[in-house]
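Q: For reference, the structure I am asking about is given below.
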Amino acid sequence: MSNALSPAQRLTQIINTINEYNYQYYVQDNPSVPDAEYDRLMRELLDIENDHPDLRSPDSPSQKVGGAALSAFEQVEHEVPMLSLDNAFDEDDMQAFEKRIKDRLKISTEISFSCEPKLDGLAVSILYENGQLVRAATRGDGRVGENITTNVRTIANVPLRLRGENFPSRLEVRGEVIMTRAGFVTLNEAQIKKGKKPFVNPRNAAAGSLRQLDPKITAARPLLFYSYSLGLVENAQQPLGETHSSRLAQLSEWGLPLSKELEVAQGATQCLTYFHKIGEQRSQLSYDIDGVVFKVDNIAMQQELGFVARAPRWAIAHKFPAQEEMSTLLDVEFQV
Ligand code: NAD
C-alpha cells in the first residue's frame, strides 16, 4: 500500500496488477499469487471505488467476470450470462447480506437460503436438447465462453442423456468441474515421473485438464461435475419448482450429480451454523472447497432482487480463511 499515491494512481496500479493476475489464472490456468492475496487487492479496489465512485470505470475488474475465452476453442455465446458471486468474509458481512435482501424485498420474516459448498473448480454450462447433451462451455468472461463439448462428454458422472421424460426441450445445467484430492495427488505423481511440472492445486489441474485441445487427455484425468443451477430453460413439460433447492432436486431426478452437502437454512444465523459445520468437515471432503454459497431459495424473490454488474444480489460466497490455500500453493512451488 503506497501512501504517496493518489486514489486514482493507486487504482490504476491495482487494476494493472489484477488484470495480470486474471490473465495468469483464467487464461493460462497458472495462478501467480495465492487467492488470499488476490482477494485482498480486490477488496482494496472495491474500497477505493466505493469511496470515489467517479473513479469506477466500466472496464474495472470489479465490473467484469472471469477472463476472455481462448481463441483455440470455438466461442459460445451464453444466452443467459454466467455471473460471478459477491463475497462475505465474516459474520458481519453475512448479516449485512441478509439485511440488504430484507430491505430490498421490504419483508421482515426470515429468508430461506439454499446452502451449498463452494466447489473449487471451473464453472461449466451444459446444454441438453430433448434430453441429449449437445453443448458444453466454460464461463469465459460470462458472456462468451469456450466450446468444450468433446471434453465434457468424457467426464464420468456427466449424463450424455437425461433420465425420465418430462424435461424441458432445452435445458442448460450449470455447475462446477472439479478434480478430487486423491485424483490430484495421483496425477501430480505421474506428472513428476514424466519430468513435467506438477499442478499447483486441484482447481488449476481441473481447469488445465478441461481446456485441452485433445479430448483423450481430458478423458484420462480424474474429473467430476456437480450441478448447482439452471441457466436457459425452454418449453418445460411440467412447471419447474418454485425454489432453487427443489429445482436442484429435479436435476438430480433427471440424472445430474449434486454435491451431498446441500441444505436449506432459515436466516443468516442458521447459514453461519452451516458455514461452521462445513468448515469442520472440509478436510474430510473428497474435493477442495474454498467456502460456502448461500442463495435465496425462493425463485420469485431471486427474480425481484436481480443482479448488479457481475453478480446476483440474491447470492453470496462466504469464503473460508485462506491460510491453508496459501500454504498449498507455496508447498507445491517448493517441489517444482
Ligand atoms: P468466485 O470463485 O469467488 O465465485 C464464483 C464461482 O463460484 C462460480 O463461477 C462457480 O464457478 C463457483 N461455484 C462453486 N460452487 C458454487 C455453487 N454452489 N453455486 C454457484 N457457484 C459456485 O468468483 P470468480 O469470479 O470465479 O473468481 C474470483 C475468485 O477466484 C477470487 O476471489 C480468487 O479467490 C480467485 N482468483 C484468484 C486469482 C489468483 O491469481 N490467485 C486470480 C483470479 C481469481
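Q: Given a Förster distance of 45 angstrom, what is the FRET efficiency for His276 paired with Glu20, based on the Cβ-Cβ distance and rounded to 0.05? Intermediate values should be presented prior to the final figure.
A: Working: r = 35 Å, r/R0 = 0.79.
Approximately 0.80, to the nearest 0.05.
Q: Considering amide H positions built from the backbone, and no H for Pro or chain starts, which residues 5 or more places from Ala69, or on another chain, come under 5 Å of its amide H?
A: Asp141
Q: Which of the listed residues, Ala220, Ala190, Gly131, is farthest toward the dipole's positive end in the range 115-233, when Lys, Arg count +1 and Asp, Glu count -1 at the beta-carbon?
A: Ala190
Q: Going by a ≥ b ≥ c, the root eigenvalues of the Cα gyration tensor, does the chain fall in the rounded group (a/c under 1.5), the prolate group (a/b larger than b/c) or the oblate group? All intermediate terms of the calculation are to be shown ahead of the outcome.
A: On the way: a/c = 1.43, a/b = 1.04, b/c = 1.38.
Verdict is rounded for the chain.
Q: Show that you can apply the helix-only estimate: for the chain, add -39,500 (n - 2.57) for every DSSP H stretch of four or more residues, divide by all residues, and state [θ] at 222 nm to the nearest 500.
A: Numbers: 11 runs with 124 residues, N = 336.
Roughly -11500 deg cm²/dmol at 222 nm, from the helical runs in the chain.
Q: Oh, and also: Sorted by mean Cβ packing within 10 Å, highest first, what order do the peptides 138-146, 243-251 take?
A: Working: 138-146: 21.4, 243-251: 19.1.
Packing proxy ranking, top to bottom: 138-146, 243-251.
Q: Next question, about the same structure. What percentages make up the Cα-Cα pair-distance distribution of the range 171-258 when the bins are 5 Å wide from 0?
A: 3, 13, 19, 19, 12, 11, 10, 7, 4, 2, 1
Q: Cβ neighbours within 10 Å, averaged per peptide: list 71-78, 225-232, 256-263 in order, most packed at the top. Provide the component values of the computation, followed by the final result.
A: Working: 71-78: 14.1, 225-232: 20.2, 256-263: 16.8.
So the order, starting with the most tightly packed, is 225-232, 256-263, 71-78.
Q: Gain in length, Arg135 to Val264, computed as 0.36 nm per residue apart minus the alpha-carbon separation, to one decimal in nm?
A: On the way: separation 129, 0.36 × 129 = 46.44 nm, distance 3.07 nm.
Full extension from Arg135 to Val264 adds 43.4 nm.
Q: Just how large is the dipole of the chain about the Cα centre, in debye to the nearest 20, putting +1 at every Lys and Arg Cβ and -1 at every Asp and Glu Cβ? Please list the in-between numbers first.
A: Numbers: 36 positive and 46 negative charges, 186 e Å.
So the magnitude is around 900 debye.
Q: Calculate the dipole size of the range 103-213 relative to its Cα centre from +1 charges on Lys and Arg beta carbons and -1 charges on Asp and Glu beta carbons; express the result in debye to the nearest 20. Write out the running numbers ahead of the final one.
A: Values: 18 positive and 11 negative charges, 93 e Å.
Around 440 debye, computed over the range 103-213.
Q: Still on this model: Please give the peptides 110-120, 277-287 ranked by average Cβ packing (other Cβ atoms within 10 Å per residue), highest first, as a rough proxy for protection.
A: Numbers: 110-120: 22.5, 277-287: 13.5.
Ranking, from highest mean packing down: 110-120, 277-287.
Q: Considering only Gly208, Gly195, Gly131, give the residue with the highest GNM mean-square fluctuation for the chain, with springs between Cα atoms whenever their separation is below 10 Å.
A: Highest fluctuation among the options: Gly195.
Q: A further question follows. Estimate the FRET efficiency between Glu77 and Glu37 by the formula 1/(1 + (r/R0)^6), using the beta-carbon distance for r and 25 Å for R0, to the nearest 0.05.
A: Values: r = 33 Å, r/R0 = 1.31.
It comes out at approximately 0.15.
Q: Each label point is 7 Å from the Cα along the Cα-to-Cβ direction; what then is the distance between the points at Leu160 and Leu46, in nm?
A: 4.3 nm
Q: Taking the Cα centre of the range 7-63 as the origin, how large is its charge dipole in debye, to the nearest 20, when only Lys and Arg (+1) and Asp and Glu (-1) carry charge on their Cβ atoms? If you can, show how the numbers build up before the last one.
A: Details: 4 positive and 11 negative charges, 16 e Å.
It works out to roughly 80 debye.
Q: Another question, then. Would you mind pulling out the separation of the Cα centroids of the range 104-171 and the range 249-291, in Å?
A: Using only Cα atoms, the two centres lie 17 Å from each other.
Laboratory data are not the source of any read-out in this text; all were calculated from the coordinates shown. The model shown is predicted, which means the values in this text are computed figures rather than measured ones. FYI the Cβ positions are ideal-geometry reconstructions off the backbone, even for glycines, and counts take in every protein chain you see.
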